[in-house]
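Right, one structure below, let's go through it.
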Amino acid sequence: AGDPYTSEVGTAAALSAGGVRLDSLNADDAYVEFLLPFSFPFFGQDFTEVTISTNGALYFGAPPPTRDDGTADDVPSSPGKLGGYRAIAGLWDDLDLRTTSRATAGVFEVVNPNQIIFRYQAKPCNFDGVVCAGGDDVNFEIELNSNGVIKTRYGSGNTDLFPTVGLGGGGHDAYII
């Protein structure tokens, strides 16, 4: 019965630099649990841990979907699916973070006081039925601030994608941007 979020487009800003590559995400369709350096308020609850997906989403609380073999099952992305999870979809799509697909691929953790940034450098998977066929580079980041402010920034590339971008609170409806 009203928009609880404010969304604004700011001036162009460069993506963060440096950081530590999360080597366990040198994969296609994988998750890693990550301990946050502060308690992050999200949909009325404080979280100290996040599940990072190679597919451009951060999950809080309940585990994200997995296949029978334990691999990540959060593709294809969709606004309807986002609503069912407590999640931030920075650029949720089928992404390939393997360094064999892009030498500089990965999720990079950049920590500042009261802030953590997860910078994604990837290729789209564009699965052809056998392998990921790739495409233009994907570059974006999700910034979490200890006061609950979330910022996303998008770099060069990011073309020919059909991502979901928004927030999911675990209920039926997602907040799509």
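The values are calculated or read from the model by the stated rules, or taken from the named source; none is laboratory data. Keep in mind the model is a prediction, meaning the values are calculated, not measured. Here Cβ is always computed from backbone atoms with ideal geometry, including for glycine, and neighbour counts include all displayed protein chains. The accessibility values were calculated without ligands, DNA or RNA, using every heavy atom of the protein model including side chains. Shrake-Rupley method; radii C 1.70, N 1.55, O 1.52, S 1.80 Å.
Against the numbered list (1) part of a loop (DSSP other than H, G, I, E, B); (2) in contact with a strand residue (DSSP E or B) (Cβ under 6 Å, 6 or more places away or on another chain); (3) under 13 Å from G56 (Cα atoms), V75 comes up short only at (2). Here the stretch 104-116 is the region considered, the condition is being part of a strand (DSSP E or B) and of a type outside the set (V, I, T), and the residue that is modelled with the lowest pLDDT is N112.
Checking G90, G80 one by one, the residue that is within 21 Å of P163 (Cα to Cα) and open to solvent by less than 50 Å² (accessible area, probe 1.4 Å) is G90 and no other.
Residue pairs whose Cβ atoms lie under 6 Å apart, sitting 6 or more positions apart in sequence or on different chains, and linking a residue in the stretch 78-103 that is at positive phi and at pLDDT 95 or above to a partner that is open to solvent by less than 10 Å² (accessible area, probe 1.4 Å) and part of a strand (DSSP E or B), do not occur here.
Taking each residue of the stretch 111-127 that is under 22 Å from N158 (Cβ atoms) and looking for partners that are open to solvent by 30 Å² or more (accessible area, probe 1.4 Å) and of a type in the set (S, T, N, Q) with beta-carbon atoms closer than 7 Å, six or more apart or interchain, yields Q121/T104; K123/S101. The stretch 128-177 holds strands (runs of 3 or more DSSP E) entirely within its bounds, and those carrying 1 or more residues that are under 14 Å from the mean Cα position of the chain (by Cα) and buried (at least 16 other Cβ atoms within 10 Å of the Cβ) map to 138-145, 150-154, 164-169.
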